[in-house]
Amino acid sequence: MALAEAHDRLSNATNILASQWETVRELWNDTVRRAFELEYLGPLNSQLRNTRLVLEDLSVLTEETHRILA
């Protein structure tokens, strides 16, 4: 799988998760849900954002490497 494709798939999955979570938030509004968000979704969103940035950087480096070696 190409890096751009991995980035796109991760971005799409992240958007789907965010959309679905908004639906859940409307139905599940208590302290347990808020604790779940803090303990799991907060760190997950941070990791997903960092992963997308790394994939973007790797894509640029890969393109530069191919250009240099061509």
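The values are calculated or read from the model by the stated rules, or taken from the named source; none is laboratory data. All values derive from a computational prediction rather than experimental measurement. Reconstructed Cβ throughout: ideal geometry from the backbone, glycine too, with neighbour counts over all protein chains shown. Ligands, DNA and RNA are excluded from the accessible area calculation, which covers all protein heavy atoms including side chains. Shrake-Rupley method; radii C 1.70, N 1.55, O 1.52, S 1.80 Å.
Tell me which residues, restricted to the range 38-55, are over 29 Å from His66 (Cα atoms) and surrounded by 14 or more Cβ atoms within 10 Å (Cβ to Cβ).
Of the residues in the range 38-55, the ones over 29 Å from His66 (Cα atoms) are 38-46.
Hits for the range 38-55 are Leu41, Asn45.
Quick one: in the range 9-26, of everything that is open to solvent by less than 80 Å² (accessible area, probe 1.4 Å) and either touching a residue at least 60 places away in the same chain (Cβ under 8 Å) or β-branched (Val, Ile, Thr) (or both), which residue is nearest to Asp57 (Cα to Cα)? Before the answer, list the steps.
Of the range 9-26, the ones open to solvent by less than 80 Å² (accessible area, probe 1.4 Å) are 10-11, 13-14, 17-19, 21, 23-24.
Checking the rest, the ones that are also either touching a residue at least 60 places away in the same chain (Cβ under 8 Å) or β-branched (Val, Ile, Thr) (or both) come to 14, 23-24.
Values: Thr14: 19, Thr23: 33, Val24: 33 Å.
The extreme case among them is Thr14.
Among the listed residues Ala6, Ala70, identify the single one that is surrounded by 10 or more Cβ atoms within 10 Å (Cβ to Cβ) and among the small types (Gly, Ala, Ser).
On the way: Ala70 fails: surrounded by 10 or more Cβ atoms within 10 Å (Cβ to Cβ).
Unique residue meeting the criteria: Ala6.
Considering (1) polar (S, T, N, Q); (2) open to solvent by 100 Å² or more (accessible area, probe 1.4 Å); (3) touching a helix residue (DSSP H, G or I) at 6+ places or on another chain (Cβ under 7 Å), say which one Thr62 fails and leave the rest.
Result: Thr62 passes all but (2).
Return a yes/no flag: does the range 8-21 have any residue that is within 13 Å of the chain's Cα centre (by Cα) and among the acidic types (Asp, Glu).
Yes: the range 8-21 contains one or more residues that are within 13 Å of the chain's Cα centre (by Cα) and among the acidic types (Asp, Glu).
So which pairs qualify, if the first residue must be in the range 44-67 and charged (D, E, K, R), the second must be open to solvent by less than 100 Å² (accessible area, probe 1.4 Å) and in a helix (DSSP H, G or I), the Cβ gap must be under 7 Å, and the two must be at least 6 apart or on different chains?
Between residues of the range 44-67 that are charged (D, E, K, R) and residues that are open to solvent by less than 100 Å² (accessible area, probe 1.4 Å) and in a helix (DSSP H, G or I), the close pairs are Arg52/His7; Arg52/Leu10; Arg52/Ser11; Glu56/His7.
With respect to the numbered conditions (1) open to solvent by 90 Å² or more (accessible area, probe 1.4 Å); (2) assigned to a helix (DSSP H, G or I); (3) at pLDDT below 95, which one is the sole condition not fulfilled by Asn29?
Tallying (1) open to solvent by 90 Å² or more (accessible area, probe 1.4 Å); (2) assigned to a helix (DSSP H, G or I); (3) at pLDDT below 95, Asn29 fails exactly one: (2).
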